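The numbers here are math on the coordinates, done by the rules we state, and not lab data. Keep in mind it's a predicted model, so treat the numbers as computed, not measured. In this analysis, Cβ positions are derived from the backbone assuming ideal geometry, glycine residues included, and neighbour counts consider all displayed protein chains.
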Amino acid sequence: MPVNTITYWMGIVFAFLFSISSHAFELDSSKFRINGFGSLGLTKADNELIASRNNVNQKGIFDEWSSRLDSNLGLQLNYDPTDKLHFALQLVAEERSNNSLNRSVHWAYLGYDVTPSLELRLGRTGPNAFLLSDYRKVGYAQLWTHAPLEFYGQFSSDYGDGISLIHKTPLAGGVLRTQTWFNQSKLIYNSNGEEIPLELKPTYGITATWENDAWTYNASFVNVRFLDKKEDYKAFQQLLTASLPIWPQINPLIDEVTLDNTQAHYYGFGVAYNKNDWTIQTELSLTETESSIINRTRSAYVLIGHRFGTLTPYMVAAIAKNDDVDVPAYNVNPFLPDATNAAALALQQGTQQFADSFHKDQKTLSLGIRWDIEPKVALKAQWERTWVDPHGGTLLMQPEPLDNTETIDRFTLKVDFLY
Amino acid sequence: MKMLSTLLFIVMISVADSVDAELVVIGNNDLEIRGLTKKQIIDIYMGRYSVLPNGLKVIPLDQDIDSSARKHFYAKLVDKSISEINAYWARLLFSGRATPPRVVKTEKAVIEIVTKNASVIGYIDSSMVTDKVKVITRVE
């Protein structure tokens, strides 16, 4: 049975159990909870050549005001029919490519406490590898208006369908939480308006988080196998293969113009300090793939904030970079017709542009302030400047290849709330 | 003189208001523990770890979001404001790591629930303690 189908049935089972549990509207409030979160954000970017966005799933904004990037609404239902059984359902409405009800379901799982320290979850769960984990959609839980694109924007998968095991134990004056999982999910990469669907099948990983009153440490490893069902790249591969007699240097890259059946490994490490009105947080990650075109990506950020009563000013510095890919040159052959040489040169340039379209080389500096107006409402304002080096704007949207360094100034005004 | 008395009264009222009432963590009389350390109370109320060395999983109760008891409890326990606590719990709740303690509206209700459930603990003003429950620790 496909895992998507299992997730679908988990939702049905959840709804069914809820409806038959004595009387749905007379449930013991200690067993059933409804919680929600939301954000209303207004964003202004200022560049007409390159579009700003929060993750690669979004369609970015150019020189315009928009409420699309930073607004969402989430609803979460938790139901614990017994001390050991837990059902959870989380729905998030937001702007995303190829939007659907299925993609709005971020959680639909059944949890079972095997022991008081060990929980087994089956169904759809959120991503677990990061310090922010999957609460990155919950604006109120964060200091900034949005997580840095350089770090969090490249991982746009909101959930996985499968199984996970969570273990907690006291350790060295704190608590160590370990989560291992095996699942599959889908990712849609919006490349200049074109939606590129990728399957992540399977995904497995482990993340360990240790925390005490002041410190949180997080270390993760994730392995993903990408499946690209689109056939577009095959024609490209055939073209490159056909050019081999006159351009043999391209041979090593032919199999790497697609992510299909490619493995990727993610290594992440994060530290956070949260005490005495200070919030200091940093994460580092390295993503490696088997493809030399979509090669090693290093990303990092640092967040520093200090609370003064209800006001918390903060700054964030973030960077993402991978290696340049130099497509082998085509050497003009004087014994070939001019038209053949011209076609081969055009193919070389096209291949270079294709490789450049996966290049990341950008950094952002952000300054902002959070004002806790009410116990469950926060108003935030954030200004940020992003520097994008030539061809380095894969995480953003660039309809035309950019040969020069570009900057984007972006301002966000946002209200985050819980309900 | 009358003005001085009035001023003194106002100062005393202000001081009395600023001196937090003593809060105690209570449990069921059948709870087989002699006491919990402050660190254990923090781990339980901050959703980190609620299993005691004897294997019992403890269920904490919270007070109303607007209550002064709740404000003082978290200020003394972890030196955080209610907004910070809400943001902290939003992180845990919406990442599936833990669900926040169940909220009970009154201290009498806290005592009533603790009386009926051997694994439940709560916090109340020390003046409200009865022989139906036992004091596990004082929140200082």
> Got a sec to turn the phi values of the range B:73-81 into Karplus ³J(HN,Hα) couplings, 6.51 cos²θ - 1.76 cosθ + 1.60 with θ = phi - 60°, whole Hz, x for Gly and Pro?
Replying inline: 4, 6, 5, 6, 6, 10, 6, 10, 7
> Taking every residue in A:169-178, how many Cβ atoms of other protein chains lie within 10 Å of its Cβ, on average?
Replying inline: 3
> Which whole number in µm²/s is D for the range B:95-137 by Stokes-Einstein, with the Kirkwood Rh taken over Cα pairs at 20 °C and 1.002 mPa s?
Replying inline: 186
> To the nearest 10 degrees, how steeply does helix A:232-242 sit against the main Cα axis of chain A, on a 0 to 90 scale?
Replying inline: 30
>> In chain A, if the dipole is taken from +1 on Lys/Arg beta carbons and -1 on Asp/Glu beta carbons about the Cα centre, which of A:264, A:274, A:399 is farthest to the positive end?
In response: A:274
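Work out how much length residue A:298 to residue A:171 would gain on full extension: take 0.36 nm times their residue separation and subtract the Cα-Cα distance, in nm to one decimal.
Contour length minus Cα-Cα distance gives 42.7 nm.
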> Under a point-charge model restricted to the Cβ atoms of Lys and Arg (+1) and Asp and Glu (-1), what is the dipole moment magnitude of chain B relative to its Cα centre, in debye to the nearest 20?
Replying inline: 320
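How many Å³ per residue does the convex hull of the Cα positions in chain B occupy?
Cα-based convex hull of chain B, divided per residue, equals 124 Å³.
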> Percent antiparallel among DSSP beta bridges with both residues in the protein assembly as shown, to the nearest 5?
Replying inline: 95
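Can you give the % of DSSP beta bridges in the range B:20-139 that are antiparallel, to the nearest 5?
Among the beta bridges of the range B:20-139, antiparallel pairing accounts for roughly 70 percent.
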> Of A:155, B:51, A:417, which is farthest along the charge dipole of the protein assembly as shown in the positive direction, counting Lys and Arg as +1 and Asp and Glu as -1 at C-beta?
Replying inline: B:51
> Which of the peptides A:87-95, A:402-410 is most tightly packed, and how do the rest follow, going by the mean number of other Cβ atoms within 10 Å of each residue?
Replying inline: A:87-95, A:402-410
>> With n ≥ 4 as the cut-off for DSSP H runs, can you work out [θ] at 222 nm for chain B, using -39500 (n - 2.57) per run divided by the number of residues, rounded to the nearest 500?
In response: -12500 deg cm²/dmol
>> Could you derive backbone 3J(HN,Hα) for the range B:27-44 from the dihedral phi with the Karplus parameters 6.51, -1.76 and 1.60 (θ = phi - 60°), listing whole Hz in sequence and x where the residue is Gly or Pro?
In response: x, 5, 4, 8, 5, 8, 9, 8, x, 10, 6, 4, 4, 5, 4, 4, 4, 5
>> List the residues, sorted by chain then number, that are 5 or more residues from residue A:87 or on another chain and whose placed amide H is less than 5 Å from its amide H.
In response: A:79, A:80, A:111
>> Quick query: amide H of residue B:26 versus all other amide H atoms, modeled in the peptide plane; which residues come in under 5 Å with a sequence gap of 5 or more or a different chain?
In response: B:122, B:123, B:124, B:136
>> Averaged across B:49-56, how many Cβ atoms of other chains sit within 10 Å of each residue's Cβ atom?
In response: 3
>> Could you sort the peptides A:231-241, A:173-183, A:117-127, A:304-314 by per-residue average Cβ neighbour count (10 Å cutoff), highest mean leading?
In response: A:117-127, A:173-183, A:304-314, A:231-241
>> Run the simple label-point estimate for residue A:48 and residue A:229 please: 7 Å along Cα→C-beta, distance reported in nm.
In response: 4.0
> When the Karplus curve 6.51 cos²θ - 1.76 cosθ + 1.60 is applied with θ = phi - 60°, which whole-Hz ³J(HN,Hα) does each residue of the range A:204-214 get, with x for Gly and Pro?
Replying inline: 9, x, 9, 9, 10, 10, 10, 8, 10, 4, 10
>> Suppose only helical runs count, i.e. DSSP H with n ≥ 4. What mean residue ellipticity at 222 nm does that imply for chain A under -39500 (n - 2.57) per run, divided by all residues and rounded to the nearest 500 deg cm²/dmol?
In response: -4000 deg cm²/dmol
>> Test of understanding: what is the full-extension gain from residue A:365 to residue A:75, defined as 0.36 nm times their sequence separation minus their Cα-Cα distance?
In response: 101.2 nm
> Counting only the backbone N, which residues of the range B:101-126 are under 15 Å from the spot 7 Å out from the Cα of residue B:30 toward its beta-carbon?
Replying inline: B:113-121
>> For the pairs A:84/B:39; A:186/A:230; B:57/B:134; A:234/A:321; A:84/A:137, flag any whose C-alpha to C-alpha distance is greater than 20 Å.
In response: A:84/B:39; A:234/A:321; A:84/A:137
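If the only charges are +1 at each Lys and Arg Cβ and -1 at each Asp and Glu Cβ, what is the size of the charge dipole of the protein assembly as shown around the Cα centre, to the nearest 20 debye? Each step should come with its number before you reach the end.
Working: 53 positive and 63 negative charges, 396 e Å.
Dipole of the protein assembly as shown, to the nearest 20 debye: 1900 debye.
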> Residues with beta-carbon under 9 Å from that of residue A:40, excluding residue A:40: net charge, scoring Lys, Arg +1 and Asp, Glu -1?
Replying inline: -1
> residue A:233: net charge of surrounding residues, Cβ under 12 Å, Lys/Arg +1, Asp/Glu -1, itself excluded?
Replying inline: -3
> With axes computed from alpha carbons, what is the tilt in degrees of helix A:338-356 against the longest principal axis of chain A, rounded to the nearest 10 within 0 to 90?
Replying inline: 20
>> Given R₀ = 35 Å, what would the calculated FRET efficiency be for residue A:249 paired with residue A:311, taking r from the Cβ atoms and rounding to 0.05?
In response: 0.05
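If you wrap a convex hull around the Cα atoms of the protein assembly as shown, how much volume per residue is inside, in Å³?
So the per-residue hull volume is 165 Å³.
When Cβ neighbours within 10 Å are restricted to other protein chains, what is their mean count per residue of peptide B:75-84?
Counting Cβ atoms of other protein chains within 10 Å of each residue's Cβ and averaging gives 4.
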> Taking the mean number of other Cβ atoms within 10 Å as a proxy for protection, how do you rank A:223-230, A:242-249 from highest to lowest?
Replying inline: A:223-230, A:242-249
